């Protein structure tokens, strides 16, 4: 079973970016994949002002974030660092690109990394992405699944 946790907006897509965000959320519908969002902030990601206004009623909750990135294989090897997902982080951005650094770890520290991930994964603020998707996202994912891989 592959698992991924992250922090994102409460909806997996917005009107202007539905296609790209729906593709990311559809990963949760792949066999043997689970995807959860940790403490998702309500409001569109495209509008910082909109997110701020929608979060004003929960200032303490807004500070509970997950920004760590971990890839752990069989509790034997782990990769952590600044790895973000997006074209700009893989050298294919339209206007700018970023460089992320990662660390490969082995040994006891990997068990500690895995325990940290599990604390976030099992937290009451971690929501299965399927619970946060709107009807249009569900339809798009179902359509993709019936057509098969791109």
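The values are calculated or read from the model by the stated rules, or taken from the named source; none is laboratory data. In this text the structure is predicted, and so the values were computed from the model without any measurement. Heads up, the Cβs are rebuilt from the backbone with ideal geometry, glycines too, and the neighbour counts pull from every protein chain shown.
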| query | assigned to a helix (DSSP H, G or I) and at pLDDT below 75 - does that describe any residue in region 61-70? | reply | yes
| Quick check, is residue 101 touching a helix residue (DSSP H, G or I) at 6+ places or on another chain (Cβ under 8 Å) and within 20 Å of residue 67 (Cβ to Cβ)? | no
| Which is modelled with pLDDT under 70 and not assigned by TED's automatic domain parsing to the domain that holds residue 120, of 43, 50? | 43
| said: modelled with pLDDT of 75 or more and not in a helix (DSSP H, G or I): is that true of residue 95 in this structure? | reply: yes
| query | Listed residues 75, 32; which is over 17 Å from residue 133 (Cβ atoms), touching a strand residue (DSSP E or B) at 6+ places or on another chain (Cβ under 7 Å) and at pLDDT 70 or above? | reply | 32
